[in-house]
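The values are calculated or read from the model by the stated rules, or taken from the named source; none is laboratory data. Just so we're clear, the structure is a prediction, and the values are computed from it rather than from any experiment. Note: ideal-geometry Cβ built from the backbone for every residue, glycine included; neighbour counts use all protein chains shown. Keep in mind that these areas ignore ligands, DNA and RNA; they rest on the heavy atoms of the full protein, side chains included. Shrake-Rupley method; radii C 1.70, N 1.55, O 1.52, S 1.80 Å.
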Amino acid sequence: MSYLTYPRLHFSGGFLADPSTVNNTPDNYTDKNDVIPKLQLYWNPNGTGIFDFQGCLVTKVVYGPGNETTDPDVDPVIGQPVNAVYAMAAPKLVDLDPCQQNTSEIWGLSLQVAGITAKPGSISDFVRGDYVAGSYNAVWAQAINGPRSSGSGCGVYQSSLTNLSWTTAPKPQSKFLSQLQQQSPKQLSVNFVVNAHNNAPVIYLFNTATLRALVTKGVPANIVAKLEPMTQYSMGLDDQGKPANLGQVPTESYVNNRLTILLGQADADTYRATILATTLAPPPSPVPPPNINTLFPTGLLTGTIGPLATAIPMFYTPSRMMAPIKVPNSRAQCNFAPFCTQVLSNSNEVLITVNLGNSLATDKPGYNDPKQGFGVALPALGALFLVYFDQKQEVGISLKNAVSIAALPNDPVQMAQLMTVSGGILTVKVDPALLPPGLTVQQAEQKVLTMPLGLIGRKAPAPVIWLAENINGYNLRADQFVFRMNPGIPTGPDQANGATALVRFYATKFGQAAANIKLQATLMSPKDSVDYTKNTMGTGGTSGLKNIAIPQNAISFSPTPLATNEQGMAELKIVGTDPGFPRASQNINGQIYFVRYNFADQTIAKSYTQHPDDLISILLFSQQTFPDNPTWDNCIKFILPQYAKLYPIMGRFKLDDYATVVQYAEPISVVLAKPMDDALHMPVIRDLSIQRTQVILKWFANKTPK
């Protein structure tokens, strides 16, 4: 059971992703650039780190095959909110490391369906659960005509909802929620796609011309002189490694923050309006068309919730997978599409359920307004058909042996509804009208179960294969693929981030558990690690990517190939030892490592297309010895001040100032001691080792000696 099966609920709306970007490059961590204007700001330096659901509503419920509704009169859960619920702090969006920003995790999220009784038309039935912190994956550039940024990107989160609370009895209002509770009372499967994130902030220009203009508008020259440091701000480095876009300062909130620091509160309040109006950069040309995600920094979200039979795997549904086929000379491409097949017990019909939410190229970012170009790029992709590749007719993947079995919506509005109302989840049967003469539905269904499936586009001048399953039906994925490891700390039920990590791999063949299959894991070399991360959507364009994955002997695991068990699962134990301080010149604690995995049988591996991001990412902290009696001068001042510079949400505590830290000792110690899965946990980025956290808490407990 999973979000791909029954019963399932679809929802759609928007999201807020507000990470701080001043900590996005290792170059900002060094003590050599403690002068703030030397920092590379990127696009959101004053970000709060918050991730939140915005305006998400239930759009459809599916009780079983052919039994679904979008009508609130049939099931009142339709139209009800799907919200992140919290009392003290919003969920947080967390990168693993400045050298690995392609595994952004959501921490501290509790998700609730319905039950917001203060809203008109609400129902009291609800389900609420804790999202097990996990990363997105299968990230790609989806929009053909979008910006070269995350605005064109698309990725998918999949995890479990645990610690469920239900209110559906004794007289349930929602038939769907009652059915879901009966089938999966302890945990649920959740999958949601995020795209069209607007990371194009309003820019303020501080240069010679705007400073002169401020004087002419009545701002005293001595006040304007204090703004001179703003002319040295940079949003990043150019291709030659020099500061780019000098004087361009992103976001009003960050400008306000710097005005208060540079001018003092009184003068900042007096001249703020004039400074903001005068330095405001003109909007980009052409101005983007109206869209739901025009607000910075928001995007679009569509998802599905379904049952989950077992607690593991937690972040992945063992399934079949269609992988992209690179089409030469085409700007449009497609992305990986998981799917499953089901034989109905009452009729022996075969259903195919495929998740296309993260798979089809769009013209411009988003799905929600196809009339304005914000929709699936059907003209570029062509009329889309699900096919199987008949291996008895011809071995391999080609148009010659492609047999069409179902048509996808070919109308832009219908396709938009598939992506939003249905969460991108399409369930089809074999269409007899598409089969060649002499082939029965039953014969085609048997081939669907045992032969590779794919997606083709019929377009001029010739059809195109966009997606195809592995020729032998194999699929492989690690469940959890992001780890933080602390050498010297035992891993156990109460401490998941110790010196060892357990990776579970799941292999399937045509959707069934693949037993006795050999798998091979390999530690990526330093060069390959740098080449990999600098070419990802999340980390690409970041400066300072160097000294990664050294020393290699700090990470170890058995070189012997792993064998899957009867459930198609194999386990790899990874051991971390002290890496030292290989990034000491950048003042970054610990090291980043990547572990590749694949089928050990090269015959299988060569024919298997794996997503480039299907690897294990590890942040291995340095093992340190601290004084028995830590003081500010002998220990703490070497840890906390960096957070004052790089983590604006913690800036209120002035962590580089001893007196202020002592003044706020209680709230600082409280948030440092929070569990990592608590939204209040600090630091937001969760890059403080257990040892460093313990010594800081010990210092607070000892009454903060100087």
Would you mind listing how long the range 323-481 runs along its three principal axes, going by Cα atoms, in whole Å with the largest first?
42, 39, 36
Square roots of five times the Cα gyration tensor eigenvalues for the range 327-402, Å
28, 20, 10
Estimate the FRET efficiency between THR270 and THR660 by the formula 1/(1 + (r/R0)^6), using the beta-carbon distance for r and 25 Å for R0, to the nearest 0.05.
0.45
Using Cα pairs under 8 angstrom and six or more residues apart, how large is the relative contact order of the chain, in percent?
14 percent
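First compute the accessible area of the chain with a 1.4 Å probe, then give the percent of it belonging to carbon and sulfur atoms.
For the chain, the apolar C and S fraction of the accessible surface comes to 54 percent.
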Show me, for the range 197-212, the HN-Hα J-couplings you get by feeding each phi into the Karplus relation (A = 6.51, B = -1.76, C = 1.60, θ = phi - 60°), rounded to Hz, glycine and proline as x.
6, 7, 10, 9, x, 5, 10, 10, 9, 10, 9, 4, 5, 6, 5, 5
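So between LYS703 and GLU228, what do we pick up on full extension, going 0.36 nm a residue minus the alpha carbon distance?
Answer, rounded to one decimal: 166.9 nm.
Rg/Rh for the range 376-423 to two decimals, with Rh computed the Kirkwood way over all alpha-carbon pairs.
On the way: Rg = 13.6 Å, Rh = 12.3 Å.
Here the Rg-to-Rh quotient is 1.11.
When ligands, DNA and RNA are left out and all protein chains stay put, how many square angstrom of accessible area per residue does the chain have with a 1.4 Å probe?
Counting only protein heavy atoms, the per-residue value for the chain is 41 Å².
Count the net charge of all other residues whose Cβ sits under 13 Å from the Cβ of SER617, scoring Lys and Arg as +1 and Asp and Glu as -1. Before the final figure, lay out each step's value.
Working: positive: ARG484, ARG596; negative: ASP95, ASP97, GLU105, ASP613, ASP614.
Value of the local net charge: -3.
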Using +1 on the beta carbon of Lys and Arg, -1 on that of Asp and Glu, and nothing else charged, what's the dipole of the range 89-240 about the Cα centre, debye to 20?
620 debye
Cα-based Kirkwood hydrodynamic radius, the range 132-215, one decimal, Å
17.4 Å
Karplus couplings for the range 63-74 from phi (6.51 cos²θ - 1.76 cosθ + 1.60, θ = phi - 60°), rounded to Hz, Gly and Pro as x?
7, x, x, x, 10, 8, 7, 10, 9, x, 6, 7
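Could you tell me what % of all Cα pairs in the range 29-106 have separations over 20 Å?
Of all Cα-Cα pairs in the range 29-106, 60 percent lie more than 20 Å apart.
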Hey, can you rank 151-158, 485-492, 130-137 by average C-beta count inside 10 Å, highest first?
151-158, 130-137, 485-492
Kirkwood-type radius of the range 554-632, with distances r between different C-alpha atoms, in Å
15.9 Å
Net charge of Cβ neighbours under 10 Å - reference VAL403; Lys, Arg +1; Asp, Glu -1:
0
Quick one: which of 298-306, 14-22, 598-606 comes out on top by average Cβ neighbours within 10 Å, and what's the full order, highest first?
298-306, 14-22, 598-606
Compare the Cα positions of ALA213, VAL82, ALA337 along the charge dipole of the chain (+1 at Cβ of Lys, Arg; -1 at Cβ of Asp, Glu; about the Cα centre) and return the one farthest towards the positive end.
ALA213
Placing unit charges on C-beta atoms (Lys and Arg positive, Asp and Glu negative, everything else neutral), compute the dipole magnitude of the chain about its Cα centre in debye, rounded to 20.
580 debye
Which three extents, in whole angstrom, do the alpha-carbon atoms of the chain cover along their principal axes, largest first?
87, 60, 58
Say the cut-off is 24 Å between C-alpha atoms; which of LYS429/LYS518; LYS546/LYS654; LYS392/LYS429; LYS186/LYS429; LYS400/LYS429 go over it?
LYS429/LYS518; LYS546/LYS654; LYS186/LYS429
Packing-ranked peptide list from 212-222, 628-638, highest mean Cβ count within 10 angstrom first, is 628-638, 212-222
Viscosity 1.002 mPa s, temperature 20 °C: Stokes-Einstein D of the range 121-264 from its Kirkwood Cα radius, in µm² per second?
105 µm²/s
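Are any of the pairs LYS92/LYS175; LYS38/LYS637; LYS38/LYS674 more than 25 Å apart by Cα-Cα distance, and if so, which?
LYS92/LYS175; LYS38/LYS674
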